[in-house]
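Here the structure is laid out as structure tokens; the discussion comes afterwards.
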């Protein structure tokens, strides 16, 4: 520094930090040779802490307020300096101002897709992004673990490290949260809270508190989305009607691929037949005998099969005959969890209408003589 800075340091006895930025986390107060006068005025504003460091050692910490620097309010520094009867002016110490305000609008996201294993859809990849809010909770720890001797520390210097930590913990949390893949979208709040708890202790090791964490979106491959939509419709639409509509669409598409008048006629014939059949199904009315003779039989209904939790493990699928044998062998009871395609979640076998007849058809044990 020049002569002017030296002279200014001798007259200026006010130590303060006027923060005019939104991303500065730590600012070192610059004085000529770090000299501070006896009785200097220290001003710490709301949202700040002042940390004194003597020759690399953390000393006194000041909360918001105005102070006159004496041995009375510098107990740690007085001990380090060996001041028993007061100190001679000036003394040397570094003063770091630490912002304790919430730093908002911090973004995170998965650069690469996360691979998860779902019991119904198998291995799949998802991506996610969101925002978080942080603040310095423990200023001495933050300076010691992160800042070091940096005189002007901003959020940009730590965001990449924090993002990597968040993505790693989010990957673990998403796998351990036990949320079905189709339920991620409607459980963003629950997922956010779960990840927030997981990463909270990690950030505190660096003196940082995550005051808010949000998962804003979880995306997945389009083919998985379509399959999830189909499953959701099966829960709300009659299976036979859905099958008939799909069959009609398939026939119409096949007819469009035929060439010539014959193909067009065949397409029209199949379309009329299917329309007639669907009209009777939806309206519940009776068609004339002649119309009934040209109708095609409906598709064979799918065979019911269930997965079951046996000895804590997923097993199956089992058809109805196998399930009857399992009931007779006491492997399947009304309390066993079962699931089949179209069900939203695992349910006890006793609550499934299709399985009630199985339990009732099995004879009781032979009485002992």
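Rule-based calculations on the coordinates, nothing more; no lab input. Being a predicted model, the structure only gives us computed values, none of them experimental. Every residue, glycine as well, gets a Cβ built from its backbone with ideal geometry; the counts of neighbours run over all protein chains shown.
Neighbouring Cβ atoms within 10 Å as the yardstick, rank 92, 81, 111 fewest first.
In increasing order of surrounding Cβ atoms, one gets 111, 92, 81.
Distance from the Cα centre of the stretch 108-157 to that of the stretch 24-59, in angstrom?
Their Cα centres are 30 Å away from one another.
Compute the Kirkwood hydrodynamic radius of the stretch 103-223, taking the inverse of the mean of 1/r over all pairs of distinct Cα atoms, and give it in Å to one decimal.
This gives a value of 15.3 Å.
Packing-wise, with mean Cβ within 10 Å as the measure, how do 149-162, 97-110 rank, highest first?
The most tightly packed comes first, giving 97-110, 149-162.
Put a dot 7 Å past each Cα toward the Cβ at residue 211 and residue 159; how far apart are the dots in nm?
Distance between label points: 1.8 nm.
Ranked from highest to lowest mean number of other Cβ atoms within 10 Å per residue, what is the order of the peptides 35-46, 117-128?
35-46, 117-128
Set the Förster distance to 35 Å, then compute FRET efficiency between residue 46 and residue 111 from the Cβ-Cβ distance, nearest 0.05.
The formula returns an efficiency of 0.40 here.
Once the piece of chain linking residue 359 and residue 219 is laid out straight, how much longer is it, given 0.36 nm per residue of separation minus the C-alpha distance between them?
My answer for the length gained is 46.2 nm.
Give me the number: length gained by fully extending residue 333 to residue 150, i.e. 0.36 nm times residue separation minus the C-alpha to C-alpha distance, one decimal in nm.
Taking 0.36 nm per residue and subtracting the Cα distance, the gain is 59.2 nm.
What percentage of all Cα-Cα pairs in the stretch 305-361 are separated by more than 15 Å?
In whole percent, the long-distance tail amounts to 38.
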